[in-house]
Structure formats: structure tokens, C-alpha cells
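The values are calculated or read from the model by the stated rules, or taken from the named source; none is laboratory data. Note that this is a predicted model, so its numbers are computed, not measured. All Cβ positions, glycine included, derive from the backbone under ideal geometry; neighbour counts span all protein chains shown. What goes into the accessible areas is simple: the full protein's heavy atoms, side chains included, and nothing from ligands, DNA or RNA. Shrake-Rupley method; radii C 1.70, N 1.55, O 1.52, S 1.80 Å.
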Amino acid sequence: GPKVLQIPSHQIIDMGQMVTLNCDPVSNHLYFYWYKQILGQQMEFLVNFYNGKVMEKSKLFKDQFSVERPDGSYFTLKIQPTALEDSAVYFCASSLRDTLYFGEGSRLIVV
Amino acid sequence: GDSVTQTEGPVTVSESESLIINCTYSATSIAYPNLFWYVRYPGEGLQLLLKVITAGQKGSSRGFEATYNKETTSFHLQKASVQESDSAVYYCALGGSALGRLHFGAGTQLIVIP
């Protein structure tokens, strides 16, 4: 089936540094999403993105977070600066309509 | 609010036995809820197992079935005879908002014993 690729799969970063998580969505998809899953907890919606704009974001999408997809390349989630509570697995997803296709996740550890 | 509650895992079942994983939802801000089951096999990413977008309908895939019951706000996942290869984490999800946002349950780990 359609594949969403995420890079990196794992990253360890010092608190306060910047991190960028990259997502290569399914090629003809129009909607892009980031979800966050803290170890042992539910997968939670962060943000969705359509036509170059953030359409909806949750309260988990802090001011330190930003997303973009410049020129149809990777869909990125940037966290600047990182905090300890940002440690989680971040899942990217894309969709054409109502079915989301997910990547395998990027595990971020902030130390 | 909009939320999903599912059977707390892990659930352990012997091979060839039947399975049910319960899922109930609350959709206060979604006019026409869509319901999904996603699965994550060991070492793999989350993938769609089945979906139903119309109340009263049943979805099926890989021997699994789930019926969208609007009266009981449920979408239980069932399989008549599980296999060891079904061992995975199963997530019930609620969608249907205009922007495609999904609300996930906590996930249920299924362990099938050969």
C-alpha cells in the first residue's frame, strides 16, 4: 500500500536545541498530519496542514512547534527549543480524503 | 468531547480461539462519525485494518470484522479464529471531521499463543 517515510527514525538531542523531523508523504495526498505518542500513552493529534497552511492544531502544538512543506518536498515538524516533555514518538500521516496513512514514527529523546 | 475508549490490554488468546476487542466512542462535535481500526505489527508502522463510514454497516479485512453501531456508539473488533500472526497492537479511531483529524483509543495489545 501507500507508504509514508519518516526521517530520522531515532534522534537524541540536548534540551534547548532545535530538531527537525522529516516526513515524505504519499505523493498525491493533500492533507498532512503530525501525531505525538508519549511512551505508554495514547497517540494524540498535533496538527494538520493543507494547501500550505495549518488548518487545525491541538493544545499540544506549542508555540515552539512549527510545520511546513516548502515546494512540495518534505513535510517537516520543527521544535525550537526542545524541552524534556517533547520526548515521544512523532508520527506523520497523509491522506487524500478520510483514510490516513502513517509513517513508522520518529522517536525523539530529549536529554 | 470526541474520544475513543477500547479494551485495555494486553489481551492473550490461544490460536484458533475467537477474539473481541471492544471500542466505544463519543462524537460530540462530529456530525457524521467515521470509524477505523488500525494495527501495528511488531517492527512495522501503523496501518489501516478496516474502516466504516456509515452507521449500521460492517467492515471486514483479513478475517476481522467490525460493525458501526450508532445506538450503542460501539465499533467492536471481532475475529472468529485468531492466528499467531495476528499478534499486534490494535487501535480504534474516530474520524469524520472536515479536516480528517483522528481521535485514537489507547491501543490494545493482542498476544496470540500458538
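Within the stretch B:51-64, does at least one residue satisfy the condition of being open to solvent by 10 Å² or more (accessible area, probe 1.4 Å) and in contact with a helix residue (DSSP H, G or I) (Cβ under 9 Å, 6 or more places away or on another chain)?
Yes, that holds for at least one residue.
Quick one: count up the residues across the stretch B:28-47 that are aliphatic (A, V, I, L, M) and either over 19 Å from B:Ser3 (Cα atoms) or in contact with a strand residue (DSSP E or B) (Cβ under 6 Å, 6 or more places away or on another chain) (or both). Can you show your working first?
So the first thing to find is which residues in the stretch B:28-47 are aliphatic (A, V, I, L, M), and the list is B:30-31, B:35, B:39, B:46.
Okay, now just the ones that are also either over 19 Å from B:Ser3 (Cα atoms) or in contact with a strand residue (DSSP E or B) (Cβ under 6 Å, 6 or more places away or on another chain) (or both), so B:35, B:39, B:46.
Qualifying residue count for the region: 3.
Select from the stretch B:61-114 the residues that are of a type in the set (D, E, K, R), out of contact with any Phe, Trp or Tyr (no Cβ under 9 Å at 6 or more places or on another chain) and closer than 21 Å to A:Tyr101 by Cα and list them in ascending order. Before you say what the answer is, go through the steps one by one.
Kept after step one, since they are of a type in the set (D, E, K, R), are these residues of the stretch B:61-114: B:62, B:65, B:70-71, B:79, B:84, B:86, B:101.
From what is left, the residues that are out of contact with any Phe, Trp or Tyr (no Cβ under 9 Å at 6 or more places or on another chain) are B:62, B:65, B:70-71, B:84.
Those that are of a type in the set (D, E, K, R), out of contact with any Phe, Trp or Tyr (no Cβ under 9 Å at 6 or more places or on another chain) and closer than 21 Å to A:Tyr101 by Cα: B:Arg62, B:Glu65.
Name every residue in the stretch B:44-67 that is part of a strand (DSSP E or B) and within 14 Å of chain A (Cβ to nearest Cβ), in order of residue number.
First pass over the stretch B:44-67, keeping only residues part of a strand (DSSP E or B): B:46-52, B:58-61, B:64-67.
Selection gives B:Leu46, B:Gln47, B:Leu48, B:Leu49, B:Leu50, B:Lys51, B:Val52, B:Gly59, B:Ser61.
What's the number of the only condition in (1) outside any loop (DSSP other than H, G, I, E, B); (2) more than 20 Å from B:Gly43 (Cα to Cα) that A:Tyr90 fails to meet?
Of everything listed in (1) outside any loop (DSSP other than H, G, I, E, B); (2) more than 20 Å from B:Gly43 (Cα to Cα), A:Tyr90 misses just condition (2).
Pick from the stretch A:25-54 the residues that are at positive phi and of a type outside the set (S, T, N, Q): which of them is surrounded by the fewest Cβ atoms within 10 Å (Cβ to Cβ)? Lay out the reasoning, then the answer.
To start, the set of residues in the stretch A:25-54 that are at positive phi comprises A:40, A:51-52.
Then drop every residue that is not of a type outside the set (S, T, N, Q), which leaves A:40, A:52.
Numbers: A:Gly40: 6, A:Gly52: 9.
Looking at the filtered set, the residue picked out is A:Gly40.
Is at least one residue of the stretch B:69-84 β-branched (Val, Ile, Thr), in contact with an Asp or Glu (Cβ under 8 Å, 6 or more places away or on another chain), at pLDDT 95 or above and outside any helix (DSSP H, G or I)? It would help to see each step written out before you state the result.
Filtering the stretch B:69-84 for residues β-branched (Val, Ile, Thr) gives B:72-73, B:82.
Restricting the remaining residues to those that are in contact with an Asp or Glu (Cβ under 8 Å, 6 or more places away or on another chain) gives B:82.
Next cut, at pLDDT 95 or above only: B:82.
Of the ones still in play, those that are also outside any helix (DSSP H, G or I) are B:82.
Yes, some residue in the stretch B:69-84 is β-branched (Val, Ile, Thr), in contact with an Asp or Glu (Cβ under 8 Å, 6 or more places away or on another chain), at pLDDT 95 or above and outside any helix (DSSP H, G or I).
Can you tell me which residues in the stretch B:1-28 are in a loop (DSSP other than H, G, I, E, B) and open to solvent by less than 50 Å² (accessible area, probe 1.4 Å)?
If we filter the stretch B:1-28 for residues that are in a loop (DSSP other than H, G, I, E, B), which is where we start, we get B:1-2, B:7-10, B:15-18, B:22, B:27-28.
B:Asp2, B:Thr7, B:Gly9, B:Ala27, listed by residue number.
In the set A:Leu77, A:Leu108, which member is more than 10 Å from chain B (Cβ to nearest Cβ), within 27 Å of B:Val89 (Cβ to Cβ), open to solvent by less than 70 Å² (accessible area, probe 1.4 Å) and in contact with a helix residue (DSSP H, G or I) (Cβ under 9 Å, 6 or more places away or on another chain)? Please lay out each step first, then the result.
Details: A:Leu77 fails: in contact with a helix residue (DSSP H, G or I) (Cβ under 9 Å, 6 or more places away or on another chain).
Only one candidate qualifies: A:Leu108.
Within the stretch B:89-109, is there a residue that is away from every other protein chain (no Cβ under 14 Å) and either under 16 Å from A:Glu44 (Cα atoms) or surrounded by 14 or more Cβ atoms within 10 Å (Cβ to Cβ) (or both)?
Quick first cut of the stretch B:89-109, residues away from every other protein chain (no Cβ under 14 Å) only: none.
No - not one qualifying residue is present in the stretch B:89-109.
Can you find a residue that is within 21 Å of B:Leu94 (Cα to Cα), open to solvent by 10 Å² or more (accessible area, probe 1.4 Å), within 10 Å of chain B (Cβ to nearest Cβ) and part of a loop (DSSP other than H, G, I, E, B) anywhere in the stretch A:59-73? Even if it seems obvious, please write down each step before you answer.
Our first condition is that a residue be within 21 Å of B:Leu94 (Cα to Cα); within the stretch A:59-73, this holds for A:59-61.
In the following step, the residues that additionally are open to solvent by 10 Å² or more (accessible area, probe 1.4 Å) were identified as A:59-61.
This time we only want the ones that are within 10 Å of chain B (Cβ to nearest Cβ), so: none.
No, there is no match, as no residue in the stretch A:59-73 is within 21 Å of B:Leu94 (Cα to Cα), open to solvent by 10 Å² or more (accessible area, probe 1.4 Å), within 10 Å of chain B (Cβ to nearest Cβ) and part of a loop (DSSP other than H, G, I, E, B).
State all residues of the stretch B:60-74 that are out of contact with any Gly (no Cβ under 9 Å at 6 or more places or on another chain) and within 15 Å of B:Tyr90 (Cα to Cα); if no residue qualifies, say none.
B:Ser60, B:Ser61, B:Arg62, B:Gly63, B:Phe64
Say we look at the stretch A:1-23 and pick out the residues that are part of a strand (DSSP E or B) and in contact with a Pro (Cβ under 9 Å, 6 or more places away or on another chain); which of these is most open to solvent (accessible area, probe 1.4 Å)? Quick ask: steps written out before the conclusion?
Our first condition is that a residue be part of a strand (DSSP E or B); within the stretch A:1-23, this holds for A:5-7, A:10-13, A:19-23.
Add one more test, that the residue is in contact with a Pro (Cβ under 9 Å, 6 or more places away or on another chain), and what stays is A:5, A:21-22.
Details: A:Leu5: 98, A:Leu21: 2, A:Asn22: 37 Å².
That would be A:Leu5.
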